[in-house]
1. List the strands (runs of 3 or more DSSP E) inside the range A:53-122, counting only whole elements, that have at least 2 residues being within 14 Å of another protein chain (Cβ to nearest Cβ) and farther than 16 Å from A:Ala18 by Cα.
2. Which of the residues spanning the range B:101-140 are in contact with a strand residue (DSSP E or B) (Cβ under 9 Å, 6 or more places away or on another chain) and within 13 Å of chain A (Cβ to nearest Cβ)?
3. On the given criteria, is B:Val326 part of a loop (DSSP other than H, G, I, E, B), of a type in the set (Val, Ile, Thr), assigned by the TED database to the domain that holds B:Val277 and over 20 Å from B:Phe424 (Cα atoms)?
4. Which ranges mark the strands (runs of 3 or more DSSP E) fully within the range B:70-167 that have 3 or more residues being in contact (Cβ under 8 Å) with a residue 40 or more places away in the chain?
5. If you scan the range A:93-122, which residues turn out to be under 27 Å from B:Glu75 (Cβ atoms) and in contact (Cβ under 8 Å) with a residue 40 or more places away in the chain?
6. Consider B:Lys146 carefully, then state whether it is surrounded by fewer than 24 Cβ atoms within 10 Å (Cβ to Cβ), of a type in the set (D, E, K, R), at pLDDT 95 or above and more than 22 Å from B:Ile307 (Cβ to Cβ).
Amino acid sequence: MGWEEKQVRGYPEFVQTAQRYHGRPIFALFCGDKDAAGKSWCPDCVTAEPVVRKELHNMPDESVFIYCLVGDRTYWKDPNNEFRKNLKLTGVPTLLKYGTPQKLVEEECFKAELVRMLFTED
Amino acid sequence: QEAAKYEKKVMVLDFVVPTPLGNSWGLGGTCVNVGCIPKKLMHQAALLGQALQDSRKYGWQFTEQVKHNWMTMTESVQNHIGSLNWGYRVSLREKNVTYENAYGEFVGPHTVKARNKRGVEKLYTAERFLIATGERPRYLGIPGDKEYCISSDDLFSLPYCPGKTLVVGASYVALECAGLLAGLGLHVTVMVRSILLRGFDQDIANKIGEYMEEHGISFIREFVPIKVEQIEKGTPGRLKVTARSTTGNQIIEGEYNTVLLAIGRDACTRKIGLDKVGVKINEKTGKIPVNDEEQTNVPYIYAVGDILQDKLELTPVAIQAGRLLVQRLYGGATNKCDYVNVPTTVFTPLEYGACGYSEETAVEKFGEENIEVYHSHFWPLEWTVPSRDNNKCYAKIICNIRDNERVIGFHVLGPSAGEITQGFAAAMKCGLTKEQLDSTIGIHPVCAEV
């Protein structure tokens, strides 16, 4: 069957989508919002996204890849935002395997090898 | 990781042979997965239970009875361990260390065969090899042991509360596990063949035993189990244990939900092909003798950690030995690992920190007339308000009269013993004498000032 991608924005939408696919491997990439020209306020996210996309074919069959925009810069900087509080995210970009402690943060997302390891790890 | 710093091409082969009950775990070795880390976290869970009880006397008011949920604790602990396993994977990858989750064994000179869990085999050659395969829990060799008993390999990820537990053994693993299980509110019995904490200061070992007994842990002394049978399946089930006295023919029986074996650990050196490359091991214990540079009798094969003969079985010792070895091999350093005055702590309900000689060993080595022992009971200030034991905490130092009253043994029994001991270990490495200790002004009010 391969894998499929879902694009969401904001915390409630993320949780709803993750719950809908409970039982399948779920990988999520969290990035800062993009402007009208499609560019994110987060420069590291701009670097990481193509690296991650190139490795998506390594995800196991039936996987769901959730591409989640977290919000604008002000929202992200707030230490009490829901992503920080509930998902324990510490930075963007973050790439994680939902429901496990496996994640890559910031510059770790630039490394194709690490991304591949996250997608293929048992 | 250290070798990779020196631009060497490095590979790690790590594989966990599942326990008899099918348990396995991730990268990191015993300490991270089924040793120090989960042990300390669960010990902390037990201490927090005690703190909740004490808190009422300090004015905290809550009416509900506080209960413990085993599954919640285990899930948190396993989550943390999972993040450590992952952290190591990322770390190795970032430093360009190749990692294979495969069982390694020597098949010929400079050659190792790696078999992964799907049975796929690959061969690898290398200039040098480092063996750090550690140990696994020993089983009793009696009917029912592998089918019905668990070990520390299974305890920290047990998917159900163990219930009424019999701990077999008197090692620090046995006593720490017994202590934390009792601290979580479970009914615990410890079956001991002879003495407690062999190799540790016996005066202190007995105090630890007494404390545990006074706090609800039963001890059955001078008995060994001869049979374990299942009365009822379940999570947990019910087991019947039959035991024989070591001093006569008396037989006793007992019923428990769980039997935890902690009677010792055996080195994992028998099935890794050491004979194919000529590495000598101690046939009786399985341990590998090495010179003071961690080299085996085969010059290109080294070993560190619990598998070494006559060396301390502690995580930090293995790590230090490994790092220094690599620095000597590839960094031109000459420092050897110092195995003397290594501090340790036993995390029994009353914690025990030690560094240097036990009283018995000091007397044996230096002679009773050359040793002076200074000791004292103390009552931690924090224990006064909730009226906890006032004469159980204890500290003792052993001095060599012939050598300026140098402190050669340090022992402390009380809360946060590990934290206290670390500092004194550094002082002992500098050659601390009794006079220097006396002239150091104490911090007040803390236990360590004694």
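1. Working: elements: A:64-69, A:94-97, A:103-105.
Answer list for the range A:53-122: A:103-105.
2. B:Asn101, B:Ala102, B:Asn116, B:Lys117
3. Working: part of a loop (DSSP other than H, G, I, E, B): no; of a type in the set (Val, Ile, Thr): yes; assigned by the TED database to the domain that holds B:Val277: yes; over 20 Å from B:Phe424 (Cα atoms): yes.
For B:Val326, the condition - part of a loop (DSSP other than H, G, I, E, B), of a type in the set (Val, Ile, Thr), assigned by the TED database to the domain that holds B:Val277 and over 20 Å from B:Phe424 (Cα atoms) - is not met.
4. Working: elements: B:97-100, B:102-108, B:111-116, B:121-125, B:129-131, B:135-137.
It comes to B:97-100, B:102-108, B:111-116, B:129-131, B:135-137.
5. A:Thr94, A:Leu95, A:Leu96, A:Lys97, A:Tyr98, A:Gly99, A:Leu118, A:Phe119, A:Thr120
6. Here the answer is no, as B:Lys146 does not meet what is asked.
Listed here are the residues, each with its yes/no results for (1) at pLDDT below 90; (2) not hydroxyl-bearing (Ser, Thr, Tyr).
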{"residue": "A:Asp35", "(1), (2)": "yes, yes"}
{"residue": "A:Pro50", "(1), (2)": "no, yes"}
{"residue": "A:Lys54", "(1), (2)": "no, yes"}
{"residue": "A:Val70", "(1), (2)": "no, yes"}
{"residue": "A:Tyr98", "(1), (2)": "no, no"}
{"residue": "A:Lys103", "(1), (2)": "no, yes"}
{"residue": "A:Ala112", "(1), (2)": "no, yes"}
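Yes or no, residue by residue, for (1) crowded, with 16+ Cβ neighbours inside 10 Å; (2) more than 23 Å from A:Leu118 (Cα to Cα); (3) within 14 Å of chain A (Cβ to nearest Cβ):
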position: B:Lys39; (1), (2), (3): yes, yes, no
position: B:Met73; (1), (2), (3): yes, yes, no
position: B:Val77; (1), (2), (3): yes, no, yes
position: B:Ser83; (1), (2), (3): no, no, yes
position: B:Leu92; (1), (2), (3): yes, no, yes
position: B:Tyr99; (1), (2), (3): yes, no, yes
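The values are calculated or read from the model by the stated rules, or taken from the named source; none is laboratory data. Given the structure is predicted, the values throughout are model-derived calculations rather than measurements. Cβ atoms come from the backbone with ideal geometry, glycine included; neighbour counts cover every protein chain shown.
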